[in-house]
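Student: So that we are looking at the same thing, I have put the structure below in structure tokens.
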Amino acid sequence: MKVRSRGRVDALAIALGESRLSLMTQGEQKKTALCDEHVRLGARMVPFAGWLMPVQYTSIVEEHQAVRNNVGIFDISHMGQLIVEGAGAREWLNTMLTNNVGKLDVGTGQYTFLLNEGGGIIDDLIVYQVGEEKFLTVVNAARAEDDFAWLQSHLPAAEADVSAARAVHLINRSANFGGVAIQGPRIAELFHALFGPAADLPSRNSIADLPFNGTTVSVARTGYTGEDGIEVFFRSEAAVKFWNAVLEKGKPFGMKPCGLGARDTLRLEMCYPLNGSDLSPERNPIEAGLAFFVDLTKSNFIGRDVLIETKEKGPHEKLVPFRMKEKGPPPRPHYAVFENGERIGEVTSGTLSPSLNWGVGMAYVSATHAKIGAQIEIEIRGQKFPATIEKKPLYKKS
Amino acid sequence: MNVPDDLLYTESHEWIKREGDNVRVGITDHAQSELTDVVYVELPKMDRQANAKEAIAVVESVKAASDIYAPVKGTVVEVNKALEADPGLINREPYGQGWIFVLKLDNADDLKQLKDAEAYKKQIG
């Protein structure tokens, strides 16, 4: 038995040859403050984006269902946390990101993109305004160093003398901070069990600092699963205490620790893109169907010209969700997509959806073929299997 | 991890059970536990002739597709159709109802190349 294709590059190496490989390379991987807890819980640890991370504790399907039906906790300490502050922070960030930072108030956040000059996606991220002149961005682990270097090279200080009114400071706090995502329909009950009955659960996309056991943690009502949930950011010293408190207080609510495997199936059912698979520097947000998070009315941001051109001419290819029409092998990244015998694109994400018990995925296909309801075929090991282009999301709560 | 003494094994985690001129083949308990959640099995074609170490079946979990090899040279004489409806049999009964195919042996001496339970246990640590 040998793994022939994987769900995501260099990531979810759960089959045999690869877990051996991961043992050999474990020493080279960074560890989050929660690593020992994962091992204690029996997690299968794999290298992911330079980090040693749990891919699953018991079963991807069980963990997936815990989040859909109850509540689950994910270690997201590998994700980058960059702080941007100063009198010029808002204005400068607005030239770096696609969404309109000007629409944020203190305590709110938004999904957005960091683009290169060609409009290609360096990273997708959430930016929270956490003070009058202070922003927290939470970025993908694999991109954190590149994001920081890119932002740093574009700081106003790099250009010329900067007046106090335009001062911007960029800090990479990733090494000293961690985080967890707690996701699932029972989040409100668990939140009050953790923070007390009088604590206010932040509203959707909002973030607030809350006291916890003598320390302060930031609680954001955001996530990557399609379920109600929170993401909690804290200093690394508080990580183990907070993690264990959630597991303990979560017991009555059916809480399960969840790994990257379930994180991937959950996000894919919602058609949330995965950077490195569905997004890349060769793709822009309009092709990815995420123009909602791009404000072209802003006068200036990196990549804007290309996006305006893409919007006017229409993208050559579009990212579309699809669902297999028959029970069969699940779709995987890099499988070819056909329509009427013509090759029209390639799968970027695919899995067997645990909620639907059906093969689903996303693919870039030529724009002329990117129509909801279109009948396409996915080529799997030389054989073509029928599928239908669907509307987002692939999974809706009944 | 369950490694029955009366079976033979490959380095690539198939188990082999001698049945006269035939061998029954599946994947080990260790392999199914590493894969977890088997969701699809592509069975070999009946009457297919295969060389040793030739990929002839595919087991897919939620995250990965894995090739399954013919442990020795032979001809496929039986496939486990039950896996098409219930691929989870591989997880629940890797050495029983979760078998994958039966090969008619080309040369019974080929079995000498395979590992015994002791050697396989050593391999998986």
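Every read-out reported here was derived from the displayed coordinates using simple, explicitly stated rules and does not represent laboratory data. As the structure is a computational prediction, the values presented were derived from the model and not from experiment. Glycine gets a Cβ as well: all are built from the backbone with ideal geometry, and neighbour counts include every protein chain shown.
Student: Give me the one-decimal nm value for the distance between modelled label points at A:Lys384 and A:Leu201, 7 Å along each residue's Cα-to-Cβ direction.
Tutor: Taking the simple label geometry, A:Lys384 and A:Leu201 are separated by 4.8 nm.
Student: Amide H to amide H under 5 Å from A:Gly50: which residues, 5+ apart in sequence or cross-chain, H placed 1.01 Å off N in plane?
Tutor: none
Student: Another question, if that's okay. Label A:Ala175 and A:Thr95 with points 7 Å out from Cα along Cα→Cβ: what is the distance between them in nm?
Tutor: According to this spin-label approximation, the distance is 2.9 nm.
Student: A follow-up question, please. Would you mind ranking A:Glu117, A:Glu377, A:Glu269 so that the residue whose beta carbon has the fewest other beta carbons within 10 Å leads the list?
Tutor: A:Glu117, A:Glu377, A:Glu269
Student: Here is a follow-up. Counting Lys and Arg as +1 and Asp and Glu as -1, each charge on the Cβ, what is the dipole of the stretch A:101-190 about the Cα centre in debye, to the nearest 20?
Tutor: So the dipole magnitude of the stretch A:101-190 works out to roughly 280 debye.
Student: What residue among A:Gly229, A:Gly289, A:Gly179 has the largest mean-square fluctuation in a Gaussian network model of chain A, using Cα springs under 10 Å?
Tutor: A:Gly289
Student: Let me ask you something else. Let me confirm one metric for peptide A:57-66, namely the mean number of other chain beta-carbon atoms within 10 Å of its residues' beta-carbons.
Tutor: 2
Student: Give the lysines whose C-alpha is closer than 30 Å to that of A:Lys325, dropping any in the same chain fewer than 8 places away, or say none.
Tutor: A:Lys2, A:Lys371, A:Lys384, A:Lys391, A:Lys392, A:Lys396, A:Lys397, B:Lys45, B:Lys63, B:Lys81
Student: Follow-up. Using the Cβ atoms and a cut-off under 14 Å, what net charge is assigned to the surroundings of B:Leu105, where Lys and Arg are +1 and Asp and Glu are -1?
Tutor: 0
Student: Under the classification rounded if a/c is under 1.5, otherwise prolate if a/b is larger than b/c and oblate if not, where does chain A fall, given a ≥ b ≥ c as square roots of the Cα gyration tensor eigenvalues?
Tutor: Note, shape of chain A comes out oblate.
Student: Right, something else. Taking 22 Å as R0, compute the FRET efficiency from the Cβ-Cβ separation of B:Asp5 and B:Thr75 and round it to 0.05.
Tutor: My answer for the efficiency is 0.20.
Student: Here's a follow-up. Using +1 at the Cβ of each Lys and Arg and -1 at the Cβ of each Asp and Glu in the stretch A:316-398, identify which of A:Thr368, A:Gly382, A:Pro354 lies farthest towards the dipole's positive end.
Tutor: A:Pro354
Student: Grab the Cα-Cα distance for A:Glu248 and A:Glu145, subtract it from 0.36 nm times how many residues apart they are, and report the gain in nm with one decimal.
Tutor: Taking 0.36 nm per residue and subtracting the Cα distance, the gain is 33.6 nm.
Student: When the Cα centres of the stretch B:55-113 and the stretch A:243-312 are compared, how far apart do they sit, in Å?
Tutor: First find each Cα centre; the distance between them is then 39 Å.
Student: Now for a different question. Given R₀ = 60 Å, what would the calculated FRET efficiency be for A:Lys103 paired with A:Arg40, taking r from the Cβ atoms and rounding to 0.05?
Tutor: The computed FRET efficiency comes out at 0.90.
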